[in-house]
Amino acid sequence: MHIVLVGLPVGRMQHLAASLRQVLTPINPHLNFQTPELSPWWTASAQPCQILLCSSSEAGNASADWRAHLVNQGLSFQVIHAEEQGFMGPCLKALLPPDSVTGLSRQSVPIRWQGVCETCSDPACELRLFSGLLQSR
């Protein structure tokens, strides 16, 4: 599996790649990490890859530039939002199947509505409905 980490300074991305490799190698020993610098000539390799765009509010963050570059290239990517050293958990959640990640909190899957709202009058149901709508903005 080929994983491309972009968005933060290259040194930070290399440190994150080393930490992820240490955790993920026992699961998949054939991982290949790439932490390229932003360049107009950079393009993803021909082999299938997963691109993680790390975004934070800290200095040196180039996530907006990387986002524009990836979109212009027509590449799919996943955005990972975190601050300081908090990228490890979200990256693991993005790279591993949901059932295999234990001990890392995940957002619960919203309960799908199964009734008729006009006759429901359940305040908890209304709260879930409107909370979900507000969170999706």
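Observations on the model:
- Here region 44-94 exposes an accessible surface that is 50 percent carbon and sulfur, computed with a 1.4 Å probe and the other protein chains kept in place.
- Amide H to amide H, with H built 1.01 Å from N, Gln34 comes under 5 Å of Ile3, Val4, Leu5, counting only residues 5 or more places away or on other chains.
- Accessible surface, per residue, of region 12-79 when the full set of protein chains is kept, probe 1.4 Å, Å²: 60
- Calculated from backbone phi, Karplus (6.51, -1.76, 1.60) coupling profile of region 18-25 in Hz, x at Gly/Pro: 5, 5, 5, 4, 4, 7, 8, 4
The values are calculated or read from the model by the stated rules, or taken from the named source; none is laboratory data. Keep in mind it's a predicted model, so treat the numbers as computed, not measured. What goes into the accessible areas is simple: the full protein's heavy atoms, side chains included, and nothing from ligands, DNA or RNA. Shrake-Rupley method; radii C 1.70, N 1.55, O 1.52, S 1.80 Å.
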